[in-house]
Amino acid sequence: MLILYLELPTFKMKLLPMKQTNNPGRLVLIGGDDIDDEEILKEVFESIDTSFQVEFMNNGQTIIKFLEELKNEEMPCLIILDYNMPALNGAEILKRLNSNEQIKHVPKIIWSTSNAAAYKKMCLESGACDYLVKPNKIKDLENMIRHMLSYCKS
């Protein structure tokens, strides 16, 4: 879990249906089950670049189903998956997404509290373009998100 609460405002989580982005190719989909992480990520993403639409899903099966229903031009430019999620972990989601021709080209990053070499190896072998350990400082998170967004830029 990220420990960044002192530097960011407190938010109330409101679940909304996914909205259409006004910037095709600027959608970042984040899969995770920690509401605090979601709010912190959204705040930092928006502080870095407001042209990206950041959407969250808290279940691997929901992520897979959602992506399978999108048209090619609606695909996110980046998928970020928490390693520890209910039902399917990040590595399992990666395997499923990368077996789908329409989705496998989308860059996928696993982020986790664990820096275990075995997890990192498994995720990279399952198709992740990167495996990142959740930082404890806001400045480190900002730098990490800039790095993540570099996968969206062509």
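The values are calculated or read from the model by the stated rules, or taken from the named source; none is laboratory data. Just so we're clear, the structure is a prediction, and the values are computed from it rather than from any experiment. For neighbour counting, all protein chains shown are included, and Cβ atoms are generated from backbone atoms with ideal geometry for every residue, glycine included.
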Filter result for N115 (closer than 24 Å to I35 by Cβ and under 15 Å from the mean Cα position of the chain (by Cα)): no
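If you go through the stretch 74-107 one residue at a time, how many are under 18 Å from D37 (Cα atoms) and touching a Leu at 6+ places or on another chain (Cβ under 8 Å)?
Step one: list which residues in the stretch 74-107 are under 18 Å from D37 (Cα atoms), which gives 78-86, 89-90.
Restricting the remaining residues to those that are touching a Leu at 6+ places or on another chain (Cβ under 8 Å) gives 78-81, 90.
Residues meeting the conditions: 5.
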Single residue of E46, E39 found to be within 17 Å of P135 (Cα to Cα) and modelled with pLDDT of 85 or more: E39
Per-region count, the stretch 134-144, residues of a type outside the set (V, I, T) and part of a helix (DSSP H, G or I): 6
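Look through M75, M57 and report the one residue that is within 14 Å of the chain's Cα centre (by Cα) and more than 25 Å from D140 (Cα to Cα).
On the way: M57 fails: more than 25 Å from D140 (Cα to Cα).
Exactly one residue qualifies, and that residue is M75.
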Residues (buried (at least 19 other Cβ atoms within 10 Å of the Cβ) and closer than 19 Å to Y151 by Cα) located in the stretch 61-82: L67, P76, C77, L78, I79, I80, L81, D82
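If we keep just the residues of the stretch 145-154 that are assigned to a helix (DSSP H, G or I) and in contact with a Phe, Trp or Tyr (Cβ under 8 Å, 6 or more places away or on another chain), which is nearest to S51 (Cα to Cα)?
So, considering only residues that are assigned to a helix (DSSP H, G or I) and in contact with a Phe, Trp or Tyr (Cβ under 8 Å, 6 or more places away or on another chain), the one nearest to S51 (Cα to Cα) is L149.
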Residues within the stretch 134-153 that are surrounded by fewer than 18 Cβ atoms within 10 Å (Cβ to Cβ) and within 17 Å of L94 (Cα to Cα), tallied: 0
Candidate set: the stretch 82-121, residues that are at pLDDT below 95 and assigned to a strand (DSSP E or B); chosen: the one farthest from V133 (Cα to Cα): D82
Close pairs (9 angstrom Cβ cut-off, 6 or more residues apart or separate chains): within 14 Å of D82 (Cβ to Cβ) in the stretch 126-140, aromatic (F, W, Y) and part of a strand (DSSP E or B) anywhere: D130/W111; Y131/W111; L132/W111; V133/W111; K134/W111
